[in-house]
Amino acid sequence: MTMSVHDARIAIGMLARGDKQHDVAAWFGENQARIVEASKGAFGTTEAAPASELPPKGSPGLKGRRLFAFTQKAIAALEAGDSDKALGYLRDGAARFTRAE
(Lines give C-alpha, C1' and ligand atoms only; values in the text may rest on other atoms or scores of the structure.)
Protein backbone atom coordinates (compact mmCIF):
# COMPACT_ATOMS: atom_id res chain seq x y z
CA MET A 1 0.00 0.00 0.00
CA THR A 2 1.24 3.49 -0.80
CA MET A 3 1.04 5.95 2.05
CA SER A 4 -0.42 9.38 1.49
CA VAL A 5 1.55 12.52 2.24
CA HIS A 6 -0.68 13.01 5.30
CA ASP A 7 0.04 9.48 6.55
CA ALA A 8 3.76 9.98 5.96
CA ARG A 9 3.72 13.20 8.01
CA ILE A 10 1.96 11.38 10.84
CA ALA A 11 4.45 8.49 10.71
CA ILE A 12 7.41 10.88 10.69
CA GLY A 13 5.89 12.77 13.61
CA MET A 14 5.41 9.57 15.56
CA LEU A 15 9.05 8.61 14.97
CA ALA A 16 10.22 12.10 15.98
CA ARG A 17 8.19 11.76 19.18
CA GLY A 18 10.10 8.60 19.97
CA ASP A 19 7.52 5.96 19.10
CA LYS A 20 8.89 2.50 18.34
CA GLN A 21 9.09 1.83 14.62
CA HIS A 22 7.01 -1.34 14.90
CA ASP A 23 4.26 0.56 16.76
CA VAL A 24 4.15 3.16 13.98
CA ALA A 25 3.97 0.41 11.37
CA ALA A 26 1.18 -1.34 13.29
CA TRP A 27 -0.82 1.89 13.51
CA PHE A 28 -0.90 2.08 9.72
CA GLY A 29 -1.20 -1.65 9.12
CA GLU A 30 2.10 -1.53 7.25
CA ASN A 31 5.44 -3.22 7.58
CA GLN A 32 8.40 -1.38 9.03
CA ALA A 33 9.99 -0.91 5.59
CA ARG A 34 7.18 1.49 4.62
CA ILE A 35 7.86 3.53 7.74
CA VAL A 36 11.57 3.73 6.91
CA GLU A 37 10.65 4.80 3.37
CA ALA A 38 8.31 7.47 4.76
CA SER A 39 11.05 8.82 7.02
CA LYS A 40 13.31 9.17 3.99
CA GLY A 41 10.75 11.13 1.95
CA ALA A 42 9.51 8.36 -0.35
CA PHE A 43 5.91 9.55 -0.04
CA GLY A 44 6.41 13.20 -0.90
CA THR A 45 7.54 14.75 2.38
CA THR A 46 10.03 14.56 5.23
CA GLU A 47 7.98 16.99 7.33
CA ALA A 48 6.60 15.75 10.63
CA ALA A 49 2.99 16.38 11.60
CA PRO A 50 2.56 18.50 14.74
CA ALA A 51 2.09 16.69 18.04
CA SER A 52 -1.57 17.75 18.15
CA GLU A 53 -2.27 15.62 15.05
CA LEU A 54 -0.55 12.44 16.26
CA PRO A 55 -2.40 9.38 17.52
CA PRO A 56 -1.79 8.15 21.06
CA LYS A 57 1.67 6.77 21.74
CA GLY A 58 2.01 3.04 22.24
CA SER A 59 1.00 -0.19 20.63
CA PRO A 60 -2.47 0.04 19.09
CA GLY A 61 -3.06 -3.65 19.81
CA LEU A 62 -3.01 -3.38 23.58
CA LYS A 63 -4.84 -0.07 23.54
CA GLY A 64 -7.48 -1.54 21.23
CA ARG A 65 -8.01 -4.53 23.52
CA ARG A 66 -8.40 -2.26 26.54
CA LEU A 67 -10.84 0.00 24.71
CA PHE A 68 -12.83 -3.05 23.63
CA ALA A 69 -13.11 -4.15 27.27
CA PHE A 70 -14.52 -0.75 28.23
CA THR A 71 -17.06 -0.88 25.39
CA GLN A 72 -18.18 -4.35 26.49
CA LYS A 73 -18.83 -3.02 29.99
CA ALA A 74 -20.71 -0.06 28.52
CA ILE A 75 -22.89 -2.35 26.42
CA ALA A 76 -23.71 -4.47 29.46
CA ALA A 77 -24.60 -1.34 31.44
CA LEU A 78 -26.86 -0.11 28.63
CA GLU A 79 -28.58 -3.47 28.43
CA ALA A 80 -29.17 -3.24 32.18
CA GLY A 81 -30.68 0.21 31.71
CA ASP A 82 -27.88 2.17 33.38
CA SER A 83 -26.90 4.81 30.81
CA ASP A 84 -24.94 6.89 33.34
CA LYS A 85 -22.69 3.94 34.14
CA ALA A 86 -22.30 3.18 30.43
CA LEU A 87 -21.27 6.76 29.72
CA GLY A 88 -18.73 6.52 32.54
CA TYR A 89 -17.20 3.38 31.01
CA LEU A 90 -16.99 5.06 27.61
CA ARG A 91 -15.36 8.17 29.05
CA ASP A 92 -12.89 6.08 31.05
CA GLY A 93 -12.09 3.97 27.99
CA ALA A 94 -11.50 7.03 25.81
CA ALA A 95 -9.28 8.61 28.46
CA ARG A 96 -7.27 5.41 28.85
CA PHE A 97 -6.92 5.06 25.07
CA THR A 98 -5.52 8.56 24.59
CA ARG A 99 -3.14 8.38 27.55
CA ALA A 100 0.52 8.13 26.56
CA GLU A 101 1.96 4.97 28.07
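Brief remarks follow.
- Selection within region 69-89: residues that are hydrophobic (A, V, I, L, M, F, W, C) and over 17 Å from the mean Cα position of the chain (by Cα). The member of this set that is surrounded by the fewest Cβ atoms within 10 Å (Cβ to Cβ) is A80.
- Listed by first and then second residue, the pairs with beta-carbon distance under 6 Å, at least 6 apart or on different chains, first residue in region 1-28 and closer than 16 Å to K40 by Cβ, second open to solvent by 10 Å² or more (accessible area, probe 1.4 Å) and β-branched (V, I, T), are V5/T45; A8/T45; R9/T45.
- Candidates L78, L87: the one that is of a type in the set (A, V, I, L, M, F, W, C) and either closer than 25 Å to A100 by Cα or in contact with a Phe, Trp or Tyr (Cβ under 6 Å, 6 or more places away or on another chain) (or both) is L87.
- Region 56-75 residues that are of a type in the set (S, T, Y), paired with ones that are modelled with pLDDT of 85 or more (beta carbon under 7 Å, 6 or more apart): S59/D23; S59/A26; T71/G93
- Test result for F70, of a type in the set (F, W, Y) and not in a helix (DSSP H, G or I): no
- Test result for A8, at pLDDT 95 or above, in a loop (DSSP other than H, G, I, E, B) and over 13 Å from the mean Cα position of the chain (by Cα): no
- Candidates are the residues of region 34-68 that are basic (K, R) and under 13 Å from the mean Cα position of the chain (by Cα); the one that is farthest from L90 (Cα to Cα) is K57.
- Subset of region 23-33 (residues that are open to solvent by 50 Å² or more (accessible area, probe 1.4 Å) and closer than 30 Å to Y89 by Cβ): A26, W27, G29
The values are calculated or read from the model by the stated rules, or taken from the named source; none is laboratory data. As the structure is a prediction and not an experimental result, all values here were calculated from the model. Every residue, glycine among them, receives a Cβ derived from its backbone with ideal geometry; neighbour counts consider all protein chains shown. Note: areas computed on protein heavy atoms with side chains; ligands, DNA, RNA excluded. Shrake-Rupley method; radii C 1.70, N 1.55, O 1.52, S 1.80 Å.
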